[in-house]
Amino acid sequence: VVGYEDNCVWKVQILPPHRRNRAIVSVFAGDPNHQPGFQNGTGHNARFNGPASLVFDPVSDALYVADQDNDAVRKITRDRIVTTLAGSPGMADRLRQRGVTDVYDQMANRAASQFEVTAQQAQQGIRPEVYVPSVIRVRSDGDLVLLEHGYGALRRINPATGETRKIGEVKQKFRE
């Protein structure tokens, strides 16, 4: 379970039926003191900032997190190793540096970003930029579906290759 304001991913372990109404809750990844940050690492050494959504991918046997306030998609293995699949903190500032005057203009944000990544670009190591990811899901083939308020779109991301393409429009207003 993600804890947006707790800046971590919680593990909820349901105990066997004979121990009715019992569960063990612990921090699976992120700071147990709930300090925000952006750091890859193992377990409590990793840092998140506003993780908004989580999905388990049985194809890669990993969790993926929409790390909203870090403008990133993060991957967590069963061994609690956290890595960044795409994105990094500060997308709004990067957009301003690129000349976007209104960082809430979703079309302008897409035009000024690495929004879609072709197979050829992905082979060259180019990764998609991420801006205010809010919901992440996984398809049966292992591709991720990401809803981002910053781009007003749904994107399909192949986590193995980085190939990314838009699959839908979401004209939802957003503000900081």
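The values are calculated or read from the model by the stated rules, or taken from the named source; none is laboratory data. Everything numeric in this text was worked out from a predicted model, so none of it was measured. Cβ coordinates were reconstructed from backbone atoms using ideal geometry, including for glycine residues, and neighbour counts include every protein chain displayed. Accessible surface is based on the protein model in full, side chains and every heavy atom, while ligands, DNA and RNA are left aside. Shrake-Rupley method; radii C 1.70, N 1.55, O 1.52, S 1.80 Å.
Tabulated values for the structure
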item: Residue-normalised accessible area of the chain, expressed per residue, 1.4 Å probe, Å²; result: 53 Å²
item: Carbon and sulfur %, accessible surface of the chain computed with the full protein complex present, 1.4 Å; result: 48 percent
item: Note, ³J(HN,Hα) from phi for region 127-141, Karplus 6.51, -1.76, 1.60, rounded to Hz, x at Gly and Pro; result: 10, x, 8, 10, 9, 6, x, 10, 9, 10, 9, 10, 8, 5, 8
item: Karplus (6.51, -1.76, 1.60) ³J(HN,Hα), θ = phi - 60°, over region 50-63, in Hz, Gly and Pro reported as x; result: x, x, 9, 7, 9, 8, 9, 10, x, 5, 9, 6, 9, 9
item: Region 157-176-region 87-142 distance, computed between alpha-carbon centres (Å); result: 8 Å
item: Residue 14 accessible area, assembled protein chains, probe 1.4 Å, Å²; result: 130 Å²
item: In Å², nearest 10: area of residue 148 left accessible to a 1.4 Å probe; result: 0 Å²
item: Solvent-accessible ranking of 74, 96, 47, largest area first, probe 1.4 Å; result: 96, 47, 74
item: Phi to ³J(HN,Hα) by Karplus 6.51 cos²θ - 1.76 cosθ + 1.60 over region 4-14, Hz, x for Gly, Pro; result: 3, 7, 8, 6, 8, 10, 8, 10, 10, 9, 7
item: Nitroxide proxy distance, nm - points 7 Å out along Cα→Cβ at residue 171 and residue 20; result: 5.4 nm
